[in-house]
Amino acid sequence: MTTPQDVTQALQRTVLVANQKGGVGKTSVVTAVAGLAARPERRVLVVDADPQGNATSSDLGVEGDRGRSLVTALQYGDAPQVITDVRPGLDLVAGGPYLAQVGAITATASQTGTDVLANLRRALGEVCSQGGYTLVLIDSGPGDAPLLDALLGTVRYMIVPTRDDDASLSGVELLAGRYLRARQQGALVTLLGVVLFDSNPRATARNREVLADVDALLEGSGAAAFGTMIRSDRASAMDLRNAHVTPAELVEVIGAQNRDRLAWLSGGKHRRLDTGDTEGTRLWSRDPSALATDYQELTREVLSRIAAVERSGSPA
Ligand SMILES: Nc1ncnc2c1ncn2[C@@H]1O[C@H](COP(=O)(O)OP(=O)(O)O)[C@@H](O)[C@H]1O
Ligand SMILES: [Mg+2]
């Protein structure tokens, strides 16, 4: 990787998941879609660029270096440490509290000569060309503006999850400003789509209204909302985080439990009834399959929109 074109080429499957409001589903979307897209022969990378490190520790259940090597990447352009196969075909660059240093690094950048954006492009480009990833999903924190700007200048695509409340929409508005500015400054980032999170699939009029608002905020971006919404399912959401499983894994675990319960009810009483624990975690979900299907559909849409851009230059 010697020329800037090589770096851009290496970064062509990078997708930033962003919204400047917290709690809108950024981390959930990143880990669920990554888990579903990853296969041993179709490798996927998650980059956890959030100081909270929820994708790393809560959703994927990995300890990691708490964002240390990612900060070093931003500071010096060295490739960050990649934790391989946290799931089959799924690699991770860990996030965590070290990322809180990015603000200080950018504040002194003019004195130190540090170019955070150039460093990030080089470091991530290196990781992407080494790993040959089909998809690279980048989780971002709610607040950190300098880090967000560096990410917007690095990635090829952006996905914006939002809830339907005003606070989430003002998070979209803040992000829209930064996104449009990054593009004016020559960033290649393209909005792949907006996804409604924690939504009621039956509230069609309300959902349409919210998506129209978001579209207006991201004016000129040209990407429609995803057809898929992530439905509200608090019980499953709790299990995903507490048991550190992806939606597809949760479906399997709950399915196995239900089979155990059935066997027990139908007279197999010698079997121990395993009342809902994955490594000691009590599970609340009864049926996570509808939620898992939402994520499956979203994953399909994400991959097909990227393919459409690569074919014809537009996500539609
Ligand atoms: N399908 C869902 N329905 C309701 N709540 C959910 C769902 N999925 C996740 N949550 C919860 O929503 C909260 C925010 O999700 P998260 O992905 O962490 O958002 P962000 O990364 O934007 O802060 C978490 O507490 C999570 O458990
Ligand atoms: Mg998050």
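The values are calculated or read from the model by the stated rules, or taken from the named source; none is laboratory data. All values reported here derive from a predicted model rather than from experimental measurement. With ideal geometry, Cβ positions are generated from the backbone for all residues, glycine too; neighbour counts draw on all protein chains shown.
Within segment 1-35, the set of residues being assigned to a helix (DSSP H, G or I) and either within 16 Å of ligand 2 (Cβ to nearest atom) or crowded, with 23+ Cβ neighbours inside 10 Å (or both) comprises A10, K26, T27, S28, V29, V30, T31, A32, V33, A34, G35. For T84, the stated conditions hold: it is among the hydroxyl-bearing types (S, T, Y) and more than 15 Å from the chain's Cα centre (by Cα).
Within segment 198-216, the set of residues being touching a helix residue (DSSP H, G or I) at 6+ places or on another chain (Cβ under 8 Å) and more than 15 Å from L298 (Cβ to Cβ) comprises N200, V210, D213, V214. Close Cβ contacts (under 9 Å, 6 or more residues apart or on different chains) running from residues in segment 15-34 that are assigned by TED's automatic domain parsing to the domain that holds D198 and at pLDDT 95 or above to residues that are near ligand 1 (Cβ under 8 Å from one of its atoms) and among the aromatic types (F, W, Y) comprise V24/F197; G25/F197; K26/F197; S28/F197; V29/F197.
Give me the residue from segment 36-50 that is out of contact with any helix residue (DSSP H, G or I) (no Cβ under 9 Å at 6 or more places or on another chain) and assigned to a strand (DSSP E or B) and, out of that set, nearest to Y295 (Cα to Cα).
From segment 36-50, those out of contact with any helix residue (DSSP H, G or I) (no Cβ under 9 Å at 6 or more places or on another chain) are 38-42; that's our starting set.
Keeping just the survivors that are assigned to a strand (DSSP E or B) gives 39, 42.
Numbers: R39: 16, R42: 18 Å.
Step by step, filter segment 36-50, then rank; the result is R39.
For T56, are the conditions met, namely being modelled with pLDDT of 95 or more, touching a Leu at 6+ places or on another chain (Cβ under 8 Å), in a helix (DSSP H, G or I) and within 15 Å of ligand 2 (Cβ to nearest atom)? When the stated conditions are applied, T56 passes them.
Condition check ((1) touching a Phe, Trp or Tyr at 6+ places or on another chain (Cβ under 8 Å); (2) part of a loop (DSSP other than H, G, I, E, B)) across all residues:
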| residue | (1), (2) |
| --- | --- |
| R206 | no, no |
| E209 | no, no |
| D213 | no, no |
| A216 | no, no |
| E219 | no, yes |
| G227 | no, yes |
| A235 | yes, no |
| D239 | yes, no |
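In segment 130-145, the residues that are more than 16 Å from ligand 1 (Cβ to nearest atom) reach residues that are of a type in the set (S, T, N, Q) with C-beta atoms within less than 8 angstrom, at least six apart or across chains, in these pairs: V136/T14. The number of residues in segment 115-142 being farther than 16 Å from S69 by Cβ and either surrounded by fewer than 17 Cβ atoms within 10 Å (Cβ to Cβ) or modelled with pLDDT under 95 (or both) comes to 6.
No other residue among A176, A243, A182 is at pLDDT 95 or above, more than 21 Å from E297 (Cα to Cα) and crowded, with 19+ Cβ neighbours inside 10 Å apart from A182.
Taking the criterion of being aliphatic (A, V, I, L, M) and under 24 Å from R13 (Cβ atoms), the residues of segment 98-130 that qualify are L99, V102, V116, L117, A118, L120, A123, L124, V127. Can you tell me which residue is farthest from ligand 2 (Cβ to nearest atom) among those in segment 138-155 that are in a helix (DSSP H, G or I) and touching a strand residue (DSSP E or B) at 6+ places or on another chain (Cβ under 8 Å)? Only one residue fits best here, namely L152.
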